[in-house]
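Before any comments, here is the structure.
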Amino acid sequence: MTQATTSPRTERRLAAILAADVAGYSRLMGIDDVGTHAALQAHRRERVDPAIARHHGRIVHTAGDGLLVEFASVVDAVTGAVAIQRAMLTANARIPEDHRIEFRIGINIGDVIIDGGDIFGDGVNVAARLEALCEPGGVCISRAANEQVRDKLSLAFADLGEQTVKNIARAVGVFGLTAKDIAALPEGALPQPEPPEVPARSRWIGTTMAGGVVLAAILAVGSWWMLHDRAAPPAVVSAAPFVVRPEAYSPQDRRQSAIVLPFENSSGDPAQDGIAAGFTRDVTDRLARDRGNQIVPLQTAAAYLGKTMDLRALGRDHDVHFALSGNARRQEGRLIVAVTLYEIAGERPVWSHQYDRPDTPDARRIVIATVISNINQAVVDAEAERAAREHPNSLDKRDLMIASAVTALQQGSKAATLTQIALIERALVLDPDYIWALSDDARLHANLVRDGFSSDPAADLAQARKATDRILFLRPDHSQAMRIKGNVLRFQGDLDGAYALLRRSTDLDPTNGYKLRDLGTVLLMQGQYKEALETFLTARQLMADTDSVNPGVDAGIAFGMLANDRFAEAIAEARLAIKASSIEGTQNGEFCWLTLIAAEAMNGQDALARADLQKFLAMKPALRRIVEVQKNPYLASNPKLLEGLHRTGMPAE
């Protein structure tokens, strides 16, 4: 009797399948294979994989630029996909279009065959075909998936009809969401994924922590870290958090989030409604462009026009940390604007100011720029205090970077700079490829050398260059990293290399006055005096968005005027820069005075030059003799400065 044989049972299950790939991947690899690979890995690490994990997905396998993910819920699959695309939109905002990594995502729900950790079958094949139909930055789902999510999610997928796709016998109903649709989604359009359960003891500890911790805790930790061995992370980094917090920069991470309420027309004249509306629009747009900010869309916030503000309701309905209210009017030739920023959790104002200035053509632009600058700083200070109060023992990389940017550390002293570096290095322990941290680490190490604070200039410049090189490996077109590396090369004496990088940086970001200022400095040192002066003047025009002068640019203009034999103008510019510069602890203040003295001497005002020289020497500056001035490559590059100082009788040695 022959024994019957049976085939092993095929294991199947119903699943939501997400397939993703990078649009134009071969083209990107052809342009820069190393940079593209590094950028893709960074996106995976910082945005894609965390979003999949938050929405309870399982990465089945990856292949080159492709990704196959399984979800138990199609709602989780769709919300996870949209979260990925929203994060990518933010990441790509400042990257040239032809260098962007943009995903196409297809989602299907269907029966899959299980083989160990892998999945196969018709359900997988359909998801892959949907991915191929999708536009870059968008999401395409099958009709079956759409049936499951249409009443559960506030997403308007467009019906793209029945599509015939390769190797699928039947036509597939396709529904699509474009990148433009995803960018326009209001805050709160997606449900928040359920966080993992927190053990009862951890919850108890988290809710009974003493509430008296303030910003000083963050700064104290930074100082401790600065004074100890930097080769190993401090104990606080490895401490288990008391509460589960969202991944940095995920949609659930609401740090620096805000709603800009419609500005009121405080004139009583309906004809001025447009003034208030213009301020609302411009402030909202500027805040939304800044790093890490999640801002409630303008059209959503418009519903609050004329309504009484309820901070608790705003926080509950929009999950934001801050609310901004204001009013504006024109009155008797003046522009009057009042603005207040509220922290929602504490139901308290954290910054408020009223602007009353002549209604010139530039007035609105200047007011908006100063409002944005002050809001950003107030938000940073409030978020740093919140982190120190709520989770001082589990600061993440974004907490640490916010702490490094607080007002208390902006005075530019050696102690403040070292404390900033200490906090930034802790962030880099947590994420060695964190672009924000790498950029600030490089900038501050270079500043130590620039400001004369460095005890080992060669080591600090090497560290700055290492950090910028890492950024440029990850992001080859990162203009800020180019700017910092250009300044490092200048400090190292490589003026040609510095010029090439700074020129490339300004080409990528031509409206950035700070980058033009740095380019002007290198041009002066190369003896290109006319072009340098023109560059400085353009920089000042671009930086005229603030009420205060910029002493660095004014000093550069004065120095350039002196080099171009425009001595009377150099005197006026130097006096302007001196008003905004302190001579104590800063080279810039001394440069301004030396330029003024030399310009007066070259302009034939010998008595005034000698009198100002005595005032300068009485301040006990570091540059008291010509031999010390000549050791500075920047100052030594201007022969008119040296000639003027000799004429005035400045001590030679």
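Descriptive notes on the structure:
- Each residue in the stretch 68-87 was checked for being among the aliphatic types (A, V, I, L, M), at pLDDT 90 or above and either under 25 Å from the mean Cα position of the chain (by Cα) or within 15 Å of residue 153 (Cβ to Cβ) (or both), and 8 pass.
- Considered as a group, the residues in the stretch 342-366 that are touching a residue at least 60 places away in the same chain (Cβ under 8 Å) and surrounded by 17 or more Cβ atoms within 10 Å (Cβ to Cβ) include one that is nearest to residue 407 (Cα to Cα), and that residue is 366.
- Residue 493 fulfils the conditions (1) part of a helix (DSSP H, G or I); (2) at positive phi except for a single criterion, (1).
- Conditions (1) in contact with a helix residue (DSSP H, G or I) (Cβ under 6 Å, 6 or more places away or on another chain); (2) of a type outside the set (Phe, Trp, Tyr); (3) at pLDDT 80 or above: number failed by residue 38: (3)
- With respect to the stated conditions, residue 343 fails to be among the charged types (D, E, K, R), at pLDDT below 90 and not assigned by TED's automatic domain parsing to the domain that holds residue 93.
- Put simply, of 149, 139 the only residue that is surrounded by 13 or more Cβ atoms within 10 Å (Cβ to Cβ), assigned by TED's automatic domain parsing to the domain that holds residue 92 and more than 33 Å from the chain's Cα centre (by Cα) is 149.
- Checking residue 537 against (1) part of a loop (DSSP other than H, G, I, E, B); (2) closer than 28 Å to residue 364 by Cα, the condition it does not meet: (1)
- Wholly enclosed strands (runs of 3 or more DSSP E) of the stretch 50-149 bearing at least 2 residues small (Gly, Ala, Ser): 103-115
- Take the conditions (1) within 18 Å of residue 341 (Cβ to Cβ); (2) not in a strand (DSSP E or B); residue 268 misses just one of them, which is (1).
- Filter result for residue 52 (in the same structural domain as residue 138 (by TED's automatic domain parsing), among the hydrophobic types (A, V, I, L, M, F, W, C) and without any contact (Cβ under 8 Å) to a residue 60 or more places away in the chain): yes
- Qualifying positions in the stretch 428-459 - farther than 19 Å from residue 518 by Cα, touching a Ser or Thr at 6+ places or on another chain (Cβ under 8 Å) and crowded, with 22+ Cβ neighbours inside 10 Å: 438
The values are calculated or read from the model by the stated rules, or taken from the named source; none is laboratory data. Only a predicted model underlies this, so the values are computations on that prediction, with no experimental measurement involved. Note that we place each Cβ from the backbone using ideal geometry, even for glycine, and neighbour counts take in every protein chain shown.
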